[in-house]
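**Q** Supplied in structure tokens, the structure appears directly below.
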Amino acid sequence: MNRRQLLTGFVKGKEQGFIRPPYTSAQTDFSPCKECDAPCVEVCEEGVLFRDGEGIPALSFKERGCSYCGECLKSCPHGVISESSKTIRAKVQIDPQRCSAWNGVLCFSCKEPCLDNAIKFNGLYKPVILPDRCTSCGFCVSVCPTNAVKVVANEDA
Ligand code: SF4
Ligand code: SF4
Ligand code: SF4
């Protein structure tokens, strides 16, 4: 979380801070977005893109995740979404206090949609997200019945 977000205490559901689209970086200049019709939001097949209060696109994993389909990259008329790296700059974590499987209840809801096999269970319990495998796609977030999967934006990464 950057300083502005710390100061404003911005929290959006289980997501903290604005998570920027894939194919952007800490060096991306988002200023053209403010004057743009945001075709990226229209073409997103998963419906995970929205515009923040300044008109800059951001991701929400409240209902779906990012499939890395690349349509936002192709649609951007100003070269803002343009990086070759598809990385989403956010950290995904499981909160052991909220997670059923950390508290003796069987649950694998987050593991099933994780195509990157990035959630490791210790036997049947205590799942953790492997940072070297996780692509921050967010598909594990909305399926969690206890809101235990948290996403923290890292716009400076
Ligand atoms: S890569 Fe595809 S799913 Fe992901 S934000 Fe862009 S348009 Fe949406
Ligand atoms: S955000 Fe990470 S842990 Fe969750 S489904 Fe995607 S790759 Fe797997
Ligand atoms: S879906 Fe949620 S409650 Fe279930 S194991 Fe995953 S993090 Fe825990």
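Bear in mind that the values in this text are calculations on the coordinates, not laboratory data. Quick caveat, the model's predicted, so the values are computed rather than measured.
**Q** Once the convex hull of the C-alpha atoms of the range 44-119 is built, how many Å³ does it hold per residue, rounded to a whole number?
**A** 124
**Q** Is there a pair in K34/K62; K126/K150; K62/K120; K86/K111; K74/K150; K86/K120 whose C-alpha atoms are over 20 Å apart, and which pairs would that be?
**A** The pairs that break the limit, which is 20 Å between Cα atoms, are K34/K62; K62/K120; K86/K111; K74/K150; K86/K120.
**Q** For a distance above 14 Å, tell me the whole-number percent of Cα pairs in the range 70-114 that qualify.
**A** 66
**Q** Grab the alpha carbons of the chain, take their convex hull, and tell me the volume per residue in Å³.
**A** In the chain, the Cα hull volume divided by residue count equals 106 Å³.
**Q** Nearest 5 percent is fine: what portion of the DSSP beta bridges confined to the chain is antiparallel?
**A** Percentage antiparallel, nearest 5: 90.
**Q** ³J(HN,Hα) across the range 85-101 via Karplus (A = 6.51, B = -1.76, C = 1.60, θ = phi - 60°), whole Hz, x for Gly/Pro?
**A** 6, 8, 4, 8, 7, 7, 10, 10, 9, 9, 8, x, 6, 8, 6, 4, 6
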